[in-house]
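The values are calculated or read from the model by the stated rules, or taken from the named source; none is laboratory data. Everything numeric here is computed off the predicted structure, so don't read it as measured data. Every residue, glycine among them, receives a Cβ derived from its backbone with ideal geometry; neighbour counts consider all protein chains shown.
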Amino acid sequence: MIDDIRVDQAIFELRPDFAVLLMTAHGIENGPTDDRARAWLADASAQAVQTEKIDAWKDAYRAFGAKPQRTRPSVDALTRRLPLPEINQVVDAYNSISVKHCLPIGGEDLDAYVGPARLIRATGDEPSEEVLGAPEPGEVAWRDDTGVTCRIWNWRQGRRTRLTEETVNALFILERLEPMTLEELKVAGEELADLLTELSPGVRIASRILSGGN
């Protein structure tokens, strides 16, 4: 699955500095927020907001016609909700890493996917859940064979693929723009893998980075 995920060349033409770390986690054990997850959320909520990284995402949104003051990049929306809300252990884990590194991260139920994930420039005809609405032509969006899974790059995820306490196999999407370095992207992925392993000692994790250079 992870080897089939792709980013269309049109995305790199829009933002040559874009890179995404893809991570699959098979055999996760999820559950309600506990004291361990609360500590992760509290530590992340105490971090200073790195506005230059958020500004880079706002610029990327404007480049394809989105209005980031109305449809905010996911990490911008998260940092405006501090202290971080409790969702469930796995979502708490990736939200804490997202805020710590000021890095958009999506968590997806891998078993809900039909075909591989791919990041596209939309035509506007892609099937989409009613809660998401139809993508605009030229919009950056994630999709699978069934339709859109996340609109406006990382603004809003659909219900079909969201992580729940019943999720067993997950896909995590860590999206980077400069000034974040590729090294920091890798570090964020390693930290997320550590938290997932703490939650689920038997989890099997694989990762891959896609960028304009590969």
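Couple of notes before you dig in:
- Condition check for Val90: assigned to a helix (DSSP H, G or I) and either crowded, with 24+ Cβ neighbours inside 10 Å or more than 12 Å from the chain's Cα centre (by Cα) (or both): yes
- Against the conditions (1) over 12 Å from the mean Cα position of the chain (by Cα); (2) touching a residue at least 24 places away in the same chain (Cβ under 8 Å), Arg156 satisfies every one except (1).
- Qualifying residue in segment 148-168 (condition: touching a Ser or Thr at 6+ places or on another chain (Cβ under 7 Å), under 19 Å from Asp3 (Cα atoms) and of a type outside the set (Val, Ile, Thr)): no
- Residue-level check: of (1) touching a Cys at 6+ places or on another chain (Cβ under 9 Å); (2) assigned to a helix (DSSP H, G or I), Ala77 misses just (1).
- Neighbours by Cβ (under 6 Å, 6+ apart or cross-chain): first from segment 65-77, crowded, with 22+ Cβ neighbours inside 10 Å and of a type in the set (Asp, Glu); second modelled with pLDDT of 95 or more and not in a loop (DSSP other than H, G, I, E, B): Asp76/Ile54
- Any hit, segment 63-74, residues being hydrophobic (A, V, I, L, M, F, W, C) and under 17 Å from the mean Cα position of the chain (by Cα): no
- Residue in segment 77-88 that is of a type in the set (Val, Ile, Thr) and closer than 29 Å to Pro201 by Cβ present: yes
- Breaking point among (1) part of a loop (DSSP other than H, G, I, E, B); (2) under 23 Å from Ala193 (Cα atoms); (3) among the acidic types (Asp, Glu), for Glu126: (2)
- Residue in segment 56-72 that is of a type in the set (Val, Ile, Thr) and at pLDDT 95 or above present: yes
- Pick from segment 44-55, criterion more than 16 Å from the chain's Cα centre (by Cα) and of a type in the set (A, V, I, L, M, F, W, C), ranking: surrounded by the most Cβ atoms within 10 Å (Cβ to Cβ): Ala44
- Filtering segment 165-192 to residues that are in contact with a strand residue (DSSP E or B) (Cβ under 7 Å, 6 or more places away or on another chain), surrounded by fewer than 19 Cβ atoms within 10 Å (Cβ to Cβ) and within 30 Å of Val131 (Cβ to Cβ) leaves only Asn169.
- Search result, residues across segment 1-21 that are closer than 19 Å to Thr123 by Cα, of a type in the set (D, E, K, R) and in a helix (DSSP H, G or I): Glu13
- Residues (at negative phi and among the small types (Gly, Ala, Ser)) located in segment 107-136: Gly107, Ala112, Ala117, Ala122, Ser128, Ala134
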